[in-house]
1. Rounded to whole Å and ordered largest first, report the semi-axes of the equivalent ellipsoid of region 30-183 derived from its Cα gyration tensor (root of 5λ).
2. How many nm is it between the label spots at Ala87 and Gln242, if each spot is 7 Å from the Cα in line with the beta carbon?
3. Could you name the aspartates and glutamates whose alpha carbon sits less than 19 Å from that of Lys75, not counting residues in the same chain fewer than 8 places away?
4. Heavy atoms of the protein only, probe of 1.4 Å, neighbouring chains included. What is the accessible area of Phe59 in Å², nearest 10?
5. Under a 1.4 angstrom probe, counting protein chains only, how are Arg33, Arg62 ranked by accessible area, largest first?
6. Show me, for region 132-139, the HN-Hα J-couplings you get by feeding each phi into the Karplus relation (A = 6.51, B = -1.76, C = 1.60, θ = phi - 60°), rounded to Hz, glycine and proline as x.
7. Where is the GNM fluctuation largest for the chain (alpha-carbon springs, 10 angstrom cutoff): Lys23, Lys252, Lys45?
8. Give the separation of the Cα centroids, region 28-53 to region 244-279, in Å.
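The values are calculated or read from the model by the stated rules, or taken from the named source; none is laboratory data. Just so it is clear, the model here is predicted, and its values are computed rather than measured. Neighbour counts are summed over all protein chains in view; Cβ atoms, including those assigned to glycine, are modelled from backbone coordinates with ideal geometry. Keep in mind that these areas ignore ligands, DNA and RNA; they rest on the heavy atoms of the full protein, side chains included. Shrake-Rupley method; radii C 1.70, N 1.55, O 1.52, S 1.80 Å.
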Amino acid sequence: MKRLIILLCGTLVLGACGNSIEKKAGEKLDVARAAYERGDYAEAKLQIDSIKTLYPKAFEARKAGQELMLQVELKAQQQTLTYLDSALLAKQQEFEAIKSKYTLEKNAEYQNVGNYLWPTQTIEKNMHRSYLRFQVSEQGIMSMTSVYCGGSNIHHTSVKVILPDGSFAETPASKDSYETTDGSEKIEKADYKLGEDGNVISFISSNKDKNIRVEYLGERKFNTTMSPTDRLAAASVYELAQILSAIEQIKKEQEAANLKIGFVNKKTERNALEKSQEK
């Protein structure tokens, strides 16, 4: 009889503890629902996650929290898409406002993606000249090309740009360089992508109103001075690159948000089907 009483008391205590846990977890769930209703999705997620951490045995509250989390995630991603749509429109309008200033070089026969250049730097206008050329792809990838033309090769793989006060920026060795010959003229070209250029592009853009000397680094050194139009080209193409890269980044974020929405909808449909089968 004593054992039976002890067992009964233990069962009652466990039941009371279980009810207490579910009650506390339920209070957290109510806070999460309130946050969801007022559109504070970050707070709602935080409260739902805390149920799993603080009350791992509150199974009913956790299950309800998981269902609420799907609703929260759906609304949060829809909110994100609304913001991204607005941001994309603003950037596209910004692009359209300056697009006509640039020249798009693109051969439809073999190029899927063309490059925007400043008009003074188109290839046909700069034959037989040593200079730094700047371009940005339609997808927002900017690069700089160091072009050398001379009577003999210098075999350069990097460049250094220097201001009158001695401050400078220098590219690492190019990952994409080549050499060719046109009659007696030696031609060398080396490409440097933005972000892999030793900050040279940004350095030039920030100092477009100052004299800049360019030093080609290779087996032999070669020096030249950037013309004002080349400095303007660097700054202008850099500006365009910021806009185009932002557009591409927004599109990627839109795609990610839509994928999450698709996942949430499928999960919600699956849960609804399981509930109907249980009935």
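1. On the way: eigenvalues 634, 87, 47 Å².
Over the Cα atoms of region 30-183, the semi-axes work out to 56, 21, 15 Å.
2. 1.6
3. Asp30, Glu37, Asp40, Glu43, Asp49, Glu67, Asp85, Glu253, Glu255, Glu269
4. My reading of the accessible area for Phe59 is about 140 Å².
5. Numbers: Arg33 105, Arg62 70 Å².
Largest accessible area first, the list is Arg33, Arg62.
6. 9, 10, 10, 8, 9, 6, 4, 8
7. Of Lys23, Lys252, Lys45, the most mobile in the Gaussian network model is Lys23.
8. Centre-to-centre (Cα) distance: 20 Å.
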